[in-house]
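First the structure, in the form of structure tokens, and then the observations on it.
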Amino acid sequence: MAKRNLEGSQPSRRVVVPAKPGGLGTFSGVFTPSILTILGVIMYLRFGWVVGNVGLIPTLVIVTLSTGITFLTSLSIAAIATDQRVRVGGAYYMISRSLGIETGGAVGIPLYLAQALSVALYTVGFAESVVSAFPAFDEKTVGLITTVLVTALTLISAKVAIRSQYFIMAAITLSLLSLLFGKPLEEPDVGLFTGVAEGGESFWTVFAVFFPAVTGIMAGVNLSGDLAEPGKSIPRGTFAAIGTGYFIYMALPLLLVARVGAETLIEDPLVMRRMAFWGDAILLGIWGATLSSAVGSMLGAPRVLQAIARDGVLPRRFDFLGRGSGAEDTPRIGTVVTLIIALAAVYFGNLNIIAPILTMFFLTTYGVLNIAAGVERFLGSPSFRPKFKVHWSLSLLGAVGCIAVMFLINALATVIAAVFVLGVYIWLERRGLESAWGDVRLGIWMALTRAGLLRLRFEPDPKNWRPHILVLSGAPTRRWHLIDLTASLTHNRALMTVSTVLPSDAFSVERQQAVEAKIREYLARRGVQGLVRVITAPNPFIGAERLVEAYGMGVLVPNTILLGDSKEPSHLKPYCRMIAHFYQSQRNVIVVRDDEKRGFGQRKRIDVWWGGLKGNGGLMMILAYLLQTSLRWRNAEVWLRMVVPTDAAAEDAHANISRLVEETRTGASVDVVVANGRPFDEILRENSRDADLVLLGMAAPENEDDFVAYYERLRIRARGLPSTVFVLAAEGIAFREVLLQRDHEASEVG
């Protein structure tokens, strides 16, 4: 499948969002939405339960561990945000530009769904608290109306929505002050200062309940497209929100254990309302926390959807979701889609089952962000130059922490989230998306390739030998049979390079690169994995010799040259000289003389005319085995044919060859032909006229003039035969050992 270029070949889909000189600042665009999400429902309705179950010291440990993971993630966010211009999409934008469009989409789509459903989660929480204070109201009606009002607020303007959060912050601040100046309800429980009483929940169970309280750092990141200076605002605002939240969460347990006993903390979710100086201030804080979180999610989710659509991650019919409106580029269409999802969730059910999976999606985003920053820093690419530098080990430690917390919170939800993300990734891979930006994956492969090259041995290794083939194909469309045969020999496990030599006086560097790109695209459309190399030279023979001498890196060079037979009589001498050059360079040579009418026929039968394992025999057996075990030739039968002068010699030869075939387990059938005075050419034509492919050994070119004459005779011998391959073994390796090594491996496995 041809790849879909997201920004190169489709200019109509390229949307570049300019910097916003009048955008949101650090306090309004990052700190405010982040701290309001951190100081949320968990703090008001579950923090007393946390302290009552595990006690003061373990609570402080839980807060520190949770904040530590969030802080490590914020370091990674700061590194990425100060290296690149973070545009609409926040976390999705960072991940897609670092780890690639597939990874970004695989995380971005679940992140959007999580944020869209989070709107419903918060409005349902708000509705429950309202109904608890005013029982006459209907919870579902309150939830639906609240969701619509929150959406309307965000549609008016992101700035208006942010300003509304100032009032919510004021309510939360008032509630905390009221709690600070409140009164004790009971005598202090001495056991809370040291640990949990009998029957309390375990440390990790309580940790799992508390951790979502510190996962609000994405609220500011998701507004990156509305920030005036994301590179400065995201790190500063995020760190400030984390520090403020940590201080509050470390101070609150001191108040709670000094004023309330363990049993009351566990059983009464609204215990803070009872101990506060003005109890209703706590209720206002709860309402403010749920509404602010709903507003933050409704602001962030459509912008993630907008970025995903603009990058072409979604199918083409959903391109309209990437549109923005007004000077603020507000994603109105995306907001309406998010509203529909949220209303459906509010109307149809209980989100208790969905909530853990949502948490998994958020933590997945955190983990992938940490991996992105850690890998970028570890590779040390010159292009990665963040102003805020973080050691790669801290980022990867944050990733490990995210994964560990996911399993501790809910192992089943972790598996569900992982399967969902993997499924989206595979779907995007199969769609063949192609981005106009680079990503860190190339750097990873470069690092692995370098490490592998430096560790490869220069001595031939029979156990791991494969035919790394350089195909002198010329124009692939005209000589596709050469590439087709090579693909069957390499099995997409060995290296295949398709090469073309162009006239040096007719092709500029730009045209040469264009030809190379077209060949690469042609191979991709035909489903062939291979490298492409195009060079220029005065003539194709000189160019091929130069290519064989220079092509490769370190020990990783083509060990086999595959080419077509030259049909031009005037080219015979330079052609033979080229084959001699390949042989002297210790490259195996495979010359394909194709039957233009039949091609490779039905690919049912391969005849190998054999003279023993020495010389070309071992290589021909390996090539036949590789063809027989390939997808295109999987039903082919390999015949190992040998000519002997007498019947007595035939009996011994048949026994020896059959034993060798059994030892090597190549699956070939044996046919020993008695000459009885007949010439070999006659025997060859008589026995192989119905084959689909014939393999013949080729003599070593010791003398140039003699080899030209010999090759001409070889051509005459092949006339009238089906497609024929001439094989010349030149590599400094004993192919007998390759065959027997395969047998040794098979016996070990068996």
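No lab work stands behind these numbers, since they all come straight from the coordinates. Predicted model only: the values in this text are computed from it and were never measured. As a convention, Cβ positions derive from the backbone with ideal geometry for all residues, glycine included, and neighbour counts pool all protein chains shown.
The figures follow:
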read-out: Residue pairs, from the table K567/K614; K567/K604; K389/K518; K232/K518; K463/K567, whose Cα atoms sit over 32 Å apart; value: K389/K518; K232/K518; K463/K567
read-out: Degrees, to the nearest 10: 440-455 long Cα axis against longest axis of the chain; value: 50
read-out: Gain in span if fully extended, S585 to A411, counting 0.36 nm per residue against the direct Cα distance; value: 56.8 nm
read-out: Net charge dipole size for the chain [Lys, Arg +1 and Asp, Glu -1 on Cβ; Debye, nearest 20]; value: 2040
read-out: Neighbour-count ranking [beta-carbon atoms within 10 angstrom, fewest first] of R605, R634; value: R634, R605
read-out: Residues whose placed amide H lies under 5 Å from that of L227, excluding near-sequence neighbours; value: L24
read-out: 3J(HN,Hα) from dihedral phi, the range 127-140, Karplus parametrisation 6.51/-1.76/1.60, rounded to Hz, x for glycine, proline; value: 4, 4, 5, 5, 5, 5, 8, 10, x, 6, 7, 8, 4, 5
read-out: Of all DSSP beta bridges in the chain, antiparallel share, percent nearest 5; value: 15
read-out: Linear extension gain, F247 paired with F507, 0.36 nm per residue minus alpha-carbon span; value: 86.8 nm
read-out: Three-way shape call for the chain based on the alpha-carbon gyration tensor, with the a/c threshold at 1.5; value: prolate
read-out: Gain in span if fully extended, T646 to K567, counting 0.36 nm per residue against the direct Cα distance; value: 24.7 nm
read-out: Distance in nm between pseudo-label sites at R598 and V555 (7 Å out along the Cβ direction from Cα); value: 4.2
read-out: Furthest towards positive pole of dipole, G527, C402, W609, structure part the chain, Cβ charges; value: G527
read-out: Label-point separation in nm, N539 to R332, each point 7 Å along Cα→Cβ; value: 7.1
read-out: Partner aspartates and glutamates for K140 [C-alpha distance under 12 Å; skip if fewer than 8 residues away on the same chain]; value: E128
read-out: Cβ-Cβ FRET estimate between V148 and F348, R0 fixed at 22 Å, reported to 0.05; value: 0.85
read-out: Spin-label zone in the range 613-646 - amide nitrogen under 18 Å from a point set 7 Å from the Cα of N656 along the C-beta vector; value: 613-621, 640-646
read-out: Efficiency of FRET between D705 and E429 - r from beta-carbon atoms, R0 56 angstrom, step 0.05; value: 0.50
read-out: Mean residue ellipticity (222 nm) of the chain, computed from DSSP H runs ≥ 4 via -39,500 (n - 2.57), nearest 500; value: -19000 deg cm²/dmol
read-out: The chain: relative contact order as a whole-number percent, Cα under 8 Å and 6+ apart; value: 17
read-out: Label-point separation, F277 to I156 (7 Å along Cα→Cβ), nm; value: 3.1
read-out: FRET efficiency, L531 to L65 (Cβ-Cβ, R0 45 Å, nearest 0.05); value: 0.40
read-out: Student exercise, the range 462-749 dipole from Lys, Arg, Asp, Glu Cβ charges, in Debye to nearest 20; value: 960
read-out: Calculated from backbone phi, Karplus (6.51, -1.76, 1.60) coupling profile of the range 637-653 in Hz, x at Gly/Pro; value: 9, 9, 10, 9, 10, 9, 9, 10, x, 10, 5, 5, 5, 5, 5, 5, 5
read-out: Using alpha-carbon coordinates, inclination of helix 480-490 to the longest axis of the chain, degrees; value: 70
read-out: C-alpha long axis of helix 158-180 to longest principal axis of the chain, angle in °; value: 50
read-out: Calculated from backbone phi, Karplus (6.51, -1.76, 1.60) coupling profile of the range 105-114 in Hz, x at Gly/Pro; value: x, 4, 8, x, 5, x, 4, 4, 4, 5
